[in-house]
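Peer 1: One structure is given below, represented as structure tokens, and several questions about it will come after.
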Amino acid sequence: MQRIPLDEIAWEDRFVRAFPGDRSEARTSRQIIGACYATVAPTAVADPRLLCWSPEAAQLIGVASPKVASPGDAASADPNPSYTALIAEVLGGNRVLPGMRPYAAAYAGHQFGSFAGQLGDGRAMTLGELVAPDGQRWDVQLKGAGPTPYSRRADGRAVLRSSVREFLCSEAMHHLGVPTTRALGLVTTGERVVRDMFYDGRPRAEPGAVVCRLAPTFIRFGTFELLSWREELPLLRQLTRFVIEQHFPELARELPPAEHASAPLPGAVVAAWFGEICRRTAVMVTHWMRVGFVHGVMNTDNMSILGLTIDYGPYGWLDPFDPDFTPNTTDASTGRYRFGMQPGVAQWNLAQLARALLPLCEAAADREALAAGLELYRATFQRQYGDTLLAKLGLARAPGVHGAGPALDEPLVNDLLALLAAEETDFTLWFRCLANLPLADDCADDVLLATMAPAAYAALSAGHRAAVLGWLRRYAARARTEPPEERAARMAAVNPVFILRNYLVHQAIEQAEKSDPARPDTSFIERLLRAARAPYHEGPEHDGLLGQRPPWARDKPGCSALSCSS
Ligand code: AMP
Ligand code: MG
């Protein structure tokens with residue numbers, strides 16, 4: 001596989017060339033009308049050092065990796081220190097390579113249900129676009145690289161803790177098979193960043209960092225909302241055409257050739273494209289529900305137009321199954337973004353996108369087609385989620401009434417979800433244990449319960465014990481009707497052994513933060529990255545990482561409660 005050193009990449013800048021932007025290079029916060037971006041250079045940092053690197057992401061985009069196995073560890077001998085230093089300089093924002101035209105993108109968004117007007121990349125900057133060896137194009141973006149015109153009153157920086165969280169989680173999600181942006185690397189800045197982590201008047205200076213992340217595009221629902229809100233119709237058309245042409249080739253074929261970039265588009269194509277976004281979003285959310293991921297800030301500016309998980313902030317993972325769990329303290333009182341709300345919130349967000357696209361669908365039939373996209377979302381999610389829950393149980397879909405009605409296993413599934421929520425039960429461990437459940441009719445109660453015991457956070461109450469046993473016996477009877485190998489294979493494919501539990505990442509961050517900045521200890525970060533590479537197959541790399549969340553992490557800030565302050 002072809003691997004090019006970072007400084008030999010032929011950078012492209014199609015977005016910058018295609019759209020109007022503010023090219024003043026000024027970083028002062030301001031409203032920018034009539035532009036889709038502002039060109040702005042990263043602000044150099046004191047001492048950029050490469051702390052983390054994803055060789056898989058590097059391979060994906062065809063960039064040569066540094067020679068050190070563990071870049072953060074100053075003690076590991078580096079046969080090519082100048083290349084590692086170059087990467088650190090570029091990823092830290094201290095060096096803009098020839099051909100790069102860094103820009104901050106404009107977008108708007110609904111935050112916690114209210115329209116927030118102009119937002120935009122307040123601390124992210126796209127450095128440039130590259131073509132990977134397989135022909136896929138990738139935007140290479142820094143997060144935390146300094147102020148932009150969209151920074152509002154904030155500093156444009158990011159702290160190490162949130163950057164490690166984004167780096168590890170985007171890679172872990174990829175290995176879990178969840179559509180996501182990727183992370184190439186993470187650089188510490190040698191600067192401190194002041195954050196009031198819980199907005200309680202106790203700010204503290206934390207180590208700063210920059211993450212380098214990758215996506216075919218970082219365009220969001222909010223990008224369309226901005227142009228629609230400002231009634232910049234030609235730009236809205238142009239952006240829609242651009243996204244369809246670049247990222248939805250099967251629909252691009254339906255677009256008539258345009259004599260100019262902002263020529264009117266057939267409303268039917270716009271509606272079909274919206275339907276595809278709805279479908280992809282349904283797939284993404286189904287994956288989140290499968291692995292127990294809670295995004296935490298599903299604002300429309302954090303919704304990718306490609307159906308990728310984007311903007312890892314105060315996200316979390318279910319330890320005990322709890323549909324009401326939200327890791328985001330800002331969301332604690334409303335619970336808008338709690339685990340069980342995610343499918344509905346995604347649909348609400350899609351409705352905001354549909355509203356933004358209405359000016360492109362003037363004919364009644366096109367508007368109906370647009371609305372049908374929302375119904376497609378609902379139907380796709382319902383079908384996929386149903387199939388996913390069955391697969392988590394190792395079951396094939398039983399034919400419903402006339403092959404289309406409710407699946408026969410629905411009561412079994414619904415009763416399980418109620419059971420899991422009734423007393424603290426680990427979502428991940430439950431399904432892994434269930435794969436080992438003895439199915440024999442005459443299996444003793446104690447054996448059944450002992451099989452599932454690793455998932456229980458406390459001794460079961462008598463009533464719950466009886467309910468669990470009742471459900472396990474119903475399940476065993478149903479599972480006996482499936483070929484054992486097929487059942488096992490289905491379960492192993494969808495039920496992870498390893499998830500990036502918050503308390504694990506917290507430990508990795510503490511270790512890196514507390515060690516000598518000149519010789520940061522990234523061994524736990526590396527260990528988690530190794531474990532995350534094979535989330536479905538238990539191996540020695542998972543030793544000590546697969547158990548329940550320990551009691552000390554239950555209410556600990558950074559483990560169960562996170563804030564948007566990052
Ligand atoms: P988020 O909640 O992280 O998705 O961010 C919402 C908006 O706030 C986006 O426009 C971000 O670019 C912006 N933002 C968040 N943190 C910062 C920061 N430290 N400096 C500048 N802008 C920020
Ligand atoms: Mg965001």
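Peer 1: Would you point out which residue out of ALA106, ALA124, ALA74 is more than 28 Å from TYR503 (Cα to Cα) and among the small types (Gly, Ala, Ser)? So that I can check it myself, show each step before the final result.
Peer 2: Details: ALA124 fails: more than 28 Å from TYR503 (Cα to Cα); ALA74 fails: more than 28 Å from TYR503 (Cα to Cα).
Exactly one of ALA106, ALA124, ALA74 is more than 28 Å from TYR503 (Cα to Cα) and among the small types (Gly, Ala, Ser), namely ALA106.
Peer 1: Would you be able to say whether some residue in region 18-40 is surrounded by 15 or more Cβ atoms within 10 Å (Cβ to Cβ), under 25 Å from SER515 (Cβ atoms) and at pLDDT 95 or above?
Peer 2: No; the residues of region 18-40 include none that is surrounded by 15 or more Cβ atoms within 10 Å (Cβ to Cβ), under 25 Å from SER515 (Cβ atoms) and at pLDDT 95 or above.
Rundown of residues vs (1) in contact with a helix residue (DSSP H, G or I) (Cβ under 7 Å, 6 or more places away or on another chain); (2) in a helix (DSSP H, G or I); (3) assigned by TED's automatic domain parsing to the domain that holds PRO327, yes/no style:
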residue	(1), (2), (3)
ALA489	no, yes, no
ILE499	yes, no, no
GLU510	no, yes, no
GLU513	yes, yes, no
ASP516	no, no, no
LEU528	yes, yes, no
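Peer 1: Can you work out which of the residues in region 145-175 that are hydroxyl-bearing (Ser, Thr, Tyr) and in contact with a Ser or Thr (Cβ under 6 Å, 6 or more places away or on another chain) is nearest to ARG527 (Cα to Cα)?
Peer 2: Going residue by residue through region 145-175, those that are hydroxyl-bearing (Ser, Thr, Tyr) are 148, 150-151, 162-163, 170.
Add one more test, that the residue is in contact with a Ser or Thr (Cβ under 6 Å, 6 or more places away or on another chain), and what stays is 151, 162, 170.
On the way: SER151: 34, SER162: 18, SER170: 15 Å.
Among residues in region 145-175 that are hydroxyl-bearing (Ser, Thr, Tyr) and in contact with a Ser or Thr (Cβ under 6 Å, 6 or more places away or on another chain), the one nearest to ARG527 (Cα to Cα) is SER170.
Peer 1: Here's a follow-up. What do you reckon, is ARG17 over 20 Å from GLU89 (Cβ atoms), among the charged types (D, E, K, R) and free of Cβ contacts under 8 Å to residues at least 40 places away in the same chain?
Peer 2: Values: over 20 Å from GLU89 (Cβ atoms): yes; among the charged types (D, E, K, R): yes; free of Cβ contacts under 8 Å to residues at least 40 places away in the same chain: yes.
In short, yes.
Peer 1: When you go through THR330, THR326, THR380 one by one, which is the residue that is part of a helix (DSSP H, G or I) and within 16 Å of ligand 1 (Cβ to nearest atom)?
Peer 2: THR330
Peer 1: Considering only residues that are small (Gly, Ala, Ser) and surrounded by fewer than 24 Cβ atoms within 10 Å (Cβ to Cβ), look in region 131-153 and name the one that is nearest to ligand 1 (Cβ to nearest atom). Explain how you work it out, then say what you get.
Peer 2: Restricting attention to region 131-153, the residues satisfying the condition of being small (Gly, Ala, Ser) are 132, 135, 144-146, 151.
So of that shortlist, the ones also surrounded by fewer than 24 Cβ atoms within 10 Å (Cβ to Cβ) come out as 132, 135, 146, 151.
Numbers: ALA132: 26, GLY135: 30, GLY146: 9, SER151: 4 Å.
Once the filter is applied, the top-ranked residue is SER151.
Peer 1: Among the candidates VAL297, VAL285, single out the residue that is of a type in the set (A, V, I, L, M, F, W, C), within 16 Å of ligand 1 (Cβ to nearest atom) and not assigned by TED's automatic domain parsing to the domain that holds PRO179. So that I can check it myself, show each step before the final result.
Peer 2: Details: VAL285 fails: within 16 Å of ligand 1 (Cβ to nearest atom).
Result: VAL297 is the single residue among VAL297, VAL285 that is of a type in the set (A, V, I, L, M, F, W, C), within 16 Å of ligand 1 (Cβ to nearest atom) and not assigned by TED's automatic domain parsing to the domain that holds PRO179.
Peer 1: Sticking with this one: Find all pairs meeting these conditions: Cβ atoms under 7 angstrom apart; at least six residues apart or on different chains; first residue within region 87-109 and part of a loop (DSSP other than H, G, I, E, B); second residue among the charged types (D, E, K, R) and away from ligand 2 (no atom under 16 Å from the Cβ).
Peer 2: ARG95/GLU89; LEU97/ASP7; ARG101/ASP13
Peer 1: Further, regarding this structure: Go through (1) closer than 22 Å to ARG165 by Cβ; (2) in contact with a Leu (Cβ under 8 Å, 6 or more places away or on another chain); (3) among the basic types (Lys, Arg) for ARG123 and report which single condition fails.
Peer 2: Going through the list (1) closer than 22 Å to ARG165 by Cβ; (2) in contact with a Leu (Cβ under 8 Å, 6 or more places away or on another chain); (3) among the basic types (Lys, Arg), ARG123 breaks only (2).
Peer 1: Residue by residue through region 154-177, note down the ones that are part of a loop (DSSP other than H, G, I, E, B) and surrounded by fewer than 21 Cβ atoms within 10 Å (Cβ to Cβ). Outline the logic, then answer.
Peer 2: Taking region 154-177 and keeping what is part of a loop (DSSP other than H, G, I, E, B), we get 154-157, 177.
Once the filter is applied, which keeps residues that are part of a loop (DSSP other than H, G, I, E, B) and surrounded by fewer than 21 Cβ atoms within 10 Å (Cβ to Cβ), region 154-177 yields ALA154, ASP155, GLY177.
Peer 1: To continue, here is another question. Out of all the residues in region 69-86, which are over 20 Å from GLY144 (Cβ atoms), part of a loop (DSSP other than H, G, I, E, B) and not charged (D, E, K, R)? Write out each step before concluding.
Peer 2: Step one: filter region 69-86 for residues over 20 Å from GLY144 (Cβ atoms), giving 69-70, 73-83.
Now narrow it down to the ones that are part of a loop (DSSP other than H, G, I, E, B): 69-70, 73-80.
Residues satisfying the conditions are ALA69, SER70, ALA74, ALA75, SER76, ALA77, PRO79, ASN80.
Peer 1: Which members of region 277-316 meet the condition of being over 15 Å from MET341 (Cβ atoms), near ligand 2 (Cβ under 10 Å from one of its atoms) and assigned to a loop (DSSP other than H, G, I, E, B)?
Peer 2: ILE310, ASP311, TYR312, GLY313
The values are calculated or read from the model by the stated rules, or taken from the named source; none is laboratory data. Please read all numbers here as calculations on a predicted model, not as lab measurements. FYI the Cβ positions are ideal-geometry reconstructions off the backbone, even for glycines, and counts take in every protein chain you see.
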